[in-house]
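The values are calculated or read from the model by the stated rules, or taken from the named source; none is laboratory data. Bear in mind the structure is a predicted one, so any value in this text is a computation, not a measurement. Note: ideal-geometry Cβ built from the backbone for every residue, glycine included; neighbour counts use all protein chains shown. Just the protein is used for accessible areas: all its heavy atoms, side chains included, with ligands, DNA and RNA removed. Shrake-Rupley method; radii C 1.70, N 1.55, O 1.52, S 1.80 Å.
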Amino acid sequence: MPKIKEPIIPSLSELKSVSELCLMENPYVNFEDTDTLFVDAMKESVSWHYKRNRFYQKLIDSEDYKNDELVDIDGIEKVPFILSNFFKYHEVKSIPDEEVYLHLTSSGTTGQKSQIFFDEWTIKSAQKMVDSIFKSYGWSSEVSTNYLLFTYEPEEGSKLGTAYTDNFLCKYAPINEVRYGIRYLGEKDGHKFDVFGCIEALKKFEELGDPVRIFGFPSFFYFTLSKMKELGMEPLKLNKDSLVFLGGGWKGHQDKAISKTDFYSLCEEMLGIPNERLRDGFGSVEHCIPYVECEKHNFHIPIWSRVLIRDVQSLEALPDGEIGYLNLISPY
């Protein structure tokens, strides 16, 4: 598997625990043993941004939050949080423009898109996290692989986070051929979903016999499988080492969403990919820690983050099993 060159963390003297946490390679082992390191890293991160970001400084002060009062993992619920929608309307940086290594946007299909800016250490640390997760699941391969990406075909100068991520994921198995489900038709027409092109790609990949990796939005993958069935096509038998790894949500097609169990059953039926090779992932440009399903289709929190559920009215943290707002927390 290709190695990410180790970037230098900004101000190691201020972010020693953050660096140590992000360098941990096994995402799901000894989770609770990292609580103390996680708390120390959170304090460093809050302090670092407080000194460099006027907006964040005002937020911390307005919440009367005291960093030295964060002494254990239970205290992280008191750390002031920012709603992701904030980034759709405000560009906020804690680094000077000349240190921006990558600028990505969210993949919302309508309205404003979040604008997120990364320095080199930050984006490459996220990539190392994905390295660790793919390694933990045994998804790195040296076998030539065909890719069908249900994301936007890149255009020159594209900043879309999902396209960046899905193309990045192609590094874990050698590329034979890449096809895109949402084709770029030029500046005038933009992007358009090519369902018949996707079907033809799958048929070709079956004939080639190599493993196939399918990444991207679940909605467009589902529409492809549904069209195959609607046309009365015989099910395909893709290589059993193929992998489906979806993410990004249904993007304006939530009314057509089906249960994950039915979705995976349809995929097994029409493509012959084993159930344990069908996975979903969650992440965002605002919080790009990767959350990935195990073979039993449960999402797991990696050691680089913690998750709280907050009451939709009071915003107080809720006990396990309750439904509310998702509060993702990471010093990264």
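With all protein chains present, calculate the accessible area of Phe196 using a 1.4 Å probe and round the result to the nearest 10 Å².
120 Å²
Using a basic spin-label model with each label point 7 Å from the Cα along Cα→Cβ, how many nm lie between Leu37 and Leu83?
3.5 nm
For the range 263-308 and the range 182-244, what is the centre-to-centre distance using only Cα atoms, to the nearest Å?
19 Å
I need the calculated FRET efficiency for the pair Ser314 and Lys204, taking r as the beta carbon distance and R₀ as 56 Å, to the nearest 0.05.
0.55
Consider all pairwise Cα distances in the range 212-264 and report the whole-number % of them above 14 Å. Could you put the intermediate results ahead of the total?
Values: 821 of 1378 pairs.
Cα-Cα pairs of the range 212-264 separated by over 14 Å account for 60 percent.
Could you tell me how many degrees, from 0 to 90 and to the nearest 10, lie between the Cα long axis of helix 120-136 and the main elongation axis, the longest principal axis, of the Cα atoms of the chain?
50 degrees
Once the mean 1/r over all distinct Cα pairs of the chain is inverted, what Kirkwood radius in angstroms do you read off?
Numbers: mean 1/r = 0.0467 Å⁻¹.
Final number for the Kirkwood radius of the chain is 21.4 Å.
Assuming R0 = 22 Å, can you tell me the calculated FRET efficiency for the pair Leu185 and Ser141, based on Cβ-Cβ distance, to the nearest 0.05?
0.10
Evaluate the distance, in nm, between pseudo-label points positioned 7 Å from the Cα of His103 and of Ile258 along their respective Cα→Cβ axes.
In this crude label model, His103 to Ile258 measures out at 4.1 nm.
If you line up the Cα atoms of the range 1-128 on their principal axes, what length do they span on each, largest first, in Å?
46, 41, 28
Points 7 angstrom from Cα along the Cβ direction at Lys58 and Val71: gap in nanometres?
3.3 nm
What angle, in degrees between 0 and 90 and rounded to the nearest 10, separates the Cα long axis of helix 35-52 from the longest principal axis of the Cα atoms of the chain?
Helix 35-52 sits at roughly 80 degrees to that axis.
Find the relative contact order for the chain and round it to a whole percent, using C-alpha pairs within less than 8 Å whose residues are 6+ positions apart.
Details: 541 pairs, mean separation 53.2, N = 332.
Here the relative contact order equals 16 percent.
Of Lys88/Lys135; Lys16/Lys113; Lys135/Lys240; Lys204/Lys240; Lys192/Lys227; Lys128/Lys188, which sit over 26 Å apart, Cα to Cα?
Those over the limit are Lys88/Lys135; Lys16/Lys113; Lys128/Lys188.
For the chain, which whole-number percentage of the solvent-accessible area (1.4 Å probe, protein heavy atoms only) is attributable to carbon and sulfur atoms?
Carbon and sulfur together cover 50 percent of it.
Roughly how many Å² is the accessible area per residue of the chain, as a whole number, for a 1.4 Å probe?
In whole numbers, the chain has 52 Å² accessible per residue.
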